[in-house]
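Just so it is clear, none of the values below were taken in a lab; they were calculated from the coordinates. Computed from a predicted structure; not experimentally measured. Note: ideal-geometry Cβ built from the backbone for every residue, glycine included; neighbour counts use all protein chains shown.
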Amino acid sequence: MTKRFENQYFIFGALLLGVGDILALLLFTFFGTMEHQMDSGFAEIWMITLPFIVGWILAGLLTGAYRSKAYSTMLQAFGYTLVNAVIAVPAALILRWLAGDKPPSWTFGLVAFFFVLLFMTLWRWAYTWLIRNI
């Protein structure tokens, strides 16, 4: 495999992983709005999700969550996802606070952390499985 091909493969993989991350976070928000019986269209769901997307991607760039090592095994995928969630969710909550007029409650933060971790772990496990088996 040439170096150029390896770089293109890495870039494609990172972009696919990033798009999947965004879709998983949108699903997290969609199910959350359904659970709270909020009548939200795509624009509202996007605006609710945006701080989580920004936090997740920035944390991922810091933690290496978009490098091939981050999805080389299921355990690696979970480890990188956990570390990323520890950074990304508080960052997203701070962004939501700055965009709004009051800080989010600690219960919302805790629930958001666990459900973001769940959705992202499931997505990243699926991605890891696909990469390893295709």
message = To test your reading of the geometry: what angle, between 0 and 90 degrees and rounded to tens, separates the Cα axis of helix 42-63 from the longest principal axis of the chain?
response = 50 degrees
inquiry  = Which one, THR121, THR107, THR73, has the greatest fluctuation when you compute a Gaussian network model over the chain with C-alpha springs under 10 angstrom?
reply    = THR107
inquiry  = How would GLU35, GLU44 line up from fewest to most surrounding beta-carbon atoms within 10 angstrom?
reply    = GLU35, GLU44
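For the chain, state the average projected area of the convex hull of the C-alpha atoms over all orientations, rounded to one decimal in nm².
Result: a mean projected hull area of 8.8 nm².
State, as an integer percentage, the relative contact order of the range 3-133 based on alpha-carbon contacts under 8 Å between residues 6 or more apart.
Across the range 3-133, relative contact order equals 30 percent.
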